[in-house]
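This report refers to the structure that appears directly beneath it.
The values are calculated or read from the model by the stated rules, or taken from the named source; none is laboratory data. Just so it is clear, the model here is predicted, and its values are computed rather than measured. Backbone-built Cβ (ideal geometry, glycine too); neighbour counts: all protein chains shown. To get the accessible areas, we keep the full protein, side chains included, count just its heavy atoms, and leave off ligands, DNA and RNA. Shrake-Rupley method; radii C 1.70, N 1.55, O 1.52, S 1.80 Å.
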Amino acid sequence: MAKRDYYEILEVSRQETAEGIKKSYRRLAVKYHPDKNPGDRHAEEKFKELGEAYEVLSDPQKRAAYDQYGPDAFDARARAGRGGGFHDPFDIFRDVFGGDGGSIFEQFFGGGTRSDPSGPQRGNDLRYDLEITFEEAALGCEKEISITKPDRCDKCNGTGSEPGAKIRPCDTCNGRGQVIASRGIFSIAQTCPKCQGAGRIIEKPCRGCSGSGRKDRTSKITLRIPAGVDAGSRLRSSGNGESGLRGGPAGDLYVVLHVKPHDIFQREEDDLLCEVPISFVQATLGAEIQVPTLGEKATIKIPAGTQPGTLFRLRGKGIKNLQGYGHGDLHVKINVEVPTRLSSAQKNKLQEFAAACDEQVNPISAGFFEKAKRWFR
Ligand SMILES: [Zn+2]
Ligand SMILES: [Zn+2]
């Protein structure tokens with residue numbers, strides 16, 4: 001497949017400055033970040049592509065090589081295994097945003113408070129693995145889950161201080177949470193030993209939470225799972241992660257879905273496949289058969305002389321597309337069942353039938369043996 005031009009991917013001109021490239025990359029990477037587009041494969045591809053383009057164009061040497069030789073300069077090296085391959089796109093994303101592996105939401109909403117230890121701190125994100133049935137994934141569902149996590153302490157409202165008692169800035173570090181220690185000619189910043197980096201002293205710690213401001217609590221959360229999700233889909237339940245510290249916002253809860261296999265349907269993206277057995281008489285003479293779908297039953301007409309493996313497509317009877325692009329199709333694959341355990345009367349009838357058959361009746365095998373004749377010597 002031909003590679004798209006890196007400048008085009010980053011939506012910049014070939015003369016763009018390094019700063020301009022970085023700016024454009026930041027904007028686009030946020031737009032296509034998987035956390036913002038859960039389950040969207042197109043966005044995921046875009047995000048990877050952006051990482052690849054940015055890795056090259058942000059490096060003056062690689063950019064010069066790219067300008068001169070195009071993407072082949074890198075492909076060839078990658079094939080030769082000399083380190084020309086690309087990084088994980090998340091690495092570059094983190095480099096640009098200066099994060100340490102957190103999600104973009106941490107970066108943009110309430111994050112970036114690490115430099116101020118006594119300030120509000122966002123709660124951690126949590127992951128919850130949930131198994132749902134095939135139908136629930138296809139049709140959507142509501143699920144109530146029960147989760148135990150650190151929540152804001154009711155008694156002190158998250159402050160960690162006994163109601164009415166004082167909280168004062170730490171006098172050892174003047175509220176900074178860090179003290180400077182001298183080691184010969186070096187000065188080293190250390191966590192304040194008095195307040196353990198909190199920057200403040202709680203005179204009477206809350207008795208409900210021992211001063212942490214949080215208490216483990218089990219809460220029930222209702223998840224609305226949209227139709228069309230698949231195994232591995234990740235849903236974000238905003239604000240349902242661990243509660244924040246010192247008035248910081250709560251983290252998010254990420255629900256990772258696992259889907260149980262179905263008895264009769266298989267799934268391929270938004271399409272469904274179902275294998276339906278029919279008798280050889282139905283296949284021979286034609287029939288109208290009922291086939292299962294995820295909704296109401298459907299009927300298909302099997303024409304006379306239908307061969308095993310024949311596929312029938314029922315448009316729109318597949319799974320609803322998660323991004324709202326209609327429904328997939330249902331593919332019905334015909335399987336012809338060979339009768340077993342026949343009575344002698346039934347066998348006699350079949351033998352009578354076979355005696356009356358000629359090449360006209362079985363053109364496929366007649367044709368095959370005609371072609372295979374010379375291999376039977
Ligand atoms: Zn408390
Ligand atoms: Zn201190």
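Once the Cα atoms of helix 363-372 and of the chain are each reduced to a long axis, what angle between those two axes, in degrees from 0 to 90 to the nearest 10, is obtained? Once rounded, one gets 90 degrees.
Between residue 31 and residue 5, what length in nm is gained on full extension when 0.36 nm per residue of separation is reduced by their alpha carbon distance? Numbers along the way, then the final one.
Working: separation 26, 0.36 × 26 = 9.36 nm, distance 1.94 nm.
Full extension of this stretch gives 7.4 nm more.
To test your reading of the geometry: what angle, between 0 and 90 degrees and rounded to tens, separates the Cα axis of helix 344-355 from the longest principal axis of the chain? For 344-355 against the chain, the angle is about 70 degrees. With Cα atoms as the point set, segment 165-233 shows a radius of gyration and Dmax of 21.4, 65 Å. Taking the chain as the reference, fit the longest principal axis to its C-alpha atoms, fit the long axis of helix 60-69 to the helix C-alpha atoms, and give the angle between the two in degrees, 0 to 90, nearest 10. Compared with the principal axis, the helix lies near 30 degrees. A simple spin-label model places pseudo-atoms 7 Å from Cα toward Cβ; at residue 64 and residue 234 they are separated by 3.8 nm. Computed from the C-beta positions of residue 217 and residue 298, the FRET efficiency with R₀ = 51 Å rounds to 0.60. Remark: the chain carries a charge dipole of roughly 1080 debye about the Cα centre, counting +1 on each Lys and Arg Cβ and -1 on each Asp and Glu Cβ.
A Förster radius of 30 Å combined with the Cβ-Cβ distance from residue 337 to residue 369 puts the calculated FRET efficiency at roughly 0.80. Surface composition of segment 199-266: carbon and sulfur atoms hold 45% of the protein heavy-atom accessible area at a 1.4 Å probe. Extending 7 Å from Cα along the Cβ direction at residue 279 and again at residue 315 yields two label points whose distance is 3.3 nm.
For the pair segment 167-245 and segment 317-377, the centres of their Cα atoms are 67 angstrom apart. By the helix-only formula, in which each DSSP H run with n ≥ 4 contributes -39500 (n - 2.57) and the sum is divided by residues, the chain has a 222 nm mean residue ellipticity of -7500 deg cm²/dmol.
Cysteines in the chain that lack a partner Cβ within the 4.7 Å cut-off: 141, 274, 357. Per-residue extension of 0.36 nm, minus the Cα-Cα distance of residue 157 and residue 133, leaves a gain of 4.7 nm for this segment.
Residue separation of residue 172 and residue 210 scaled by 0.36 nm, minus their Cα-Cα distance, works out to 11.5 nm of gained length.
On the basis of the beta-carbon distance and an R0 of 35 Å, residue 13 and residue 323 show a calculated FRET efficiency of 0.65. Can you tell me what percent of all Cα-Cα pairs in segment 279-332 are more than 13 Å apart? Counting pairs separated by more than 13 Å, the tail of P(r) holds 62 percent. Note on segment 265-376: percent of Cα-Cα distances in each 10 Å bin, starting at 0 and stopping at the bin with the largest distance, equals 12, 31, 27, 18, 9, 2. If you take the alpha carbon atoms of the chain and fit the smallest convex hull around them, that volume is 289 Å³ per residue. Among beta bridges identified by DSSP and lying wholly in the chain, the antiparallel ones come to about 75 percent. With contacts taken as Cα pairs under 8 Å and at least 6 residues apart, the chain reaches a relative contact order of 14 percent.
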